[in-house]
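Reading through the structure tokens given below for one structure.
The values are calculated or read from the model by the stated rules, or taken from the named source; none is laboratory data. Owing to the predicted nature of the structure, the values given are computational and were not obtained by experimental measurement. Every residue, glycine among them, receives a Cβ derived from its backbone with ideal geometry; neighbour counts consider all protein chains shown. Just so you know, the surface numbers come from the protein's heavy atoms only, side chains and all, with ligands and any DNA or RNA stripped out. Shrake-Rupley method; radii C 1.70, N 1.55, O 1.52, S 1.80 Å.
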Amino acid sequence: MAWSISDVARMSGVTSRTLRHYDEVGLLPPAWIGSNGHRYYEEADLLRLQQILLMRELDLGLREVQAVLDSQVDQVTVLREHHRRLLRERDRLETLVRTVGRTIAELEEGKDNNDMAKINRPENLFEGFEHSPAAEAEVRERWPKAWEQSRQAIETMTAEDQEQWQREVTAQMIRIAEFMVAGTPVADPAVQAEVDAHYQGVCRFWTPNAAAYKGLGQTYVDDPQFRANYDKIADGLAVYQRDAMVLYADARLS
């Protein structure tokens, strides 16, 4: 049995344009092409597409996907490995859901007192998040003086200082996410007030100029782990934060 490219697009959610691109780069050629020029796919092609989509979900690039598919011998073995990785990712995301849920509950508990709730174990705020050594290396390379100032500032912080700082960072991310979900434009004064608080928080460690502050916001978007950490609070938060920071830098730092 064979399926047309439109059938495969409908079943998989992959656009016809993407399927044609996969054919052009040799990643997923159709089983055959009809006299009308339409591509047709058979069961083996659908299984290959499933593996491609699984690896794309795991953030592999097309070249990496091609290398894995070209080297594989046993499809079951490869799928089992995908399954193990997906289970690990599921466990990590479940941990992250608990982390954010616990933080929201503790922050809401403190609203009655017009103060932020006490978080007894601040390390729990970051349970389930993925950190990016590559991003840290980029910051260290692009802004070496700022990196050194930041490192020295952190070293002088007491455990209580770090706890308070972590609570503030988490609360601010949630507030920004609430603005985004509500559809509030980044130019809104309330959003820009939060960005100002973010900038002042950064200035506790180093003082970026307009270009550096924009660059920091772009790093939140470009670096996969930074972006994932923001977007796990709310999908699209990294881009929203970046756009708000760009507007702030143009208005206040230029």
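Worth a mention:
- When all protein chains stay in place and ligands, DNA and RNA are ignored, the 1.4 Å accessible-area order of S6, S35, largest first, is S35, S6.
- Accessible area of T158 (1.4 Å probe, protein heavy atoms only, ligands and nucleic acids ignored): about 70 Å².
- Rounded FRET efficiency, nearest 0.05, which uses the C-beta distance separating A251 from S4 and R0 of 35 Å: 0.10
- Carbon-plus-sulfur accessible fraction, segment 10-63 (probe radius 1.4 Å, protein heavy atoms only): 48%.
- Linear extension gain, D196 paired with S71, 0.36 nm per residue minus alpha-carbon span: 39.9 nm
- Probe 1.4 Å, all protein chains present, accessible-area order of D188, D23, largest first: D188, D23
- Per residue value of the accessible surface for segment 5-48 (all protein chains in place, 1.4 Å probe), Å²: 61
- Relative contact order (%) - criterion: Cα under 8 Å, at least six apart; region: segment 186-254: 44
- On segment 169-254, 56 percent of the accessible area sits on carbon and sulfur atoms, based on a 1.4 Å probe.
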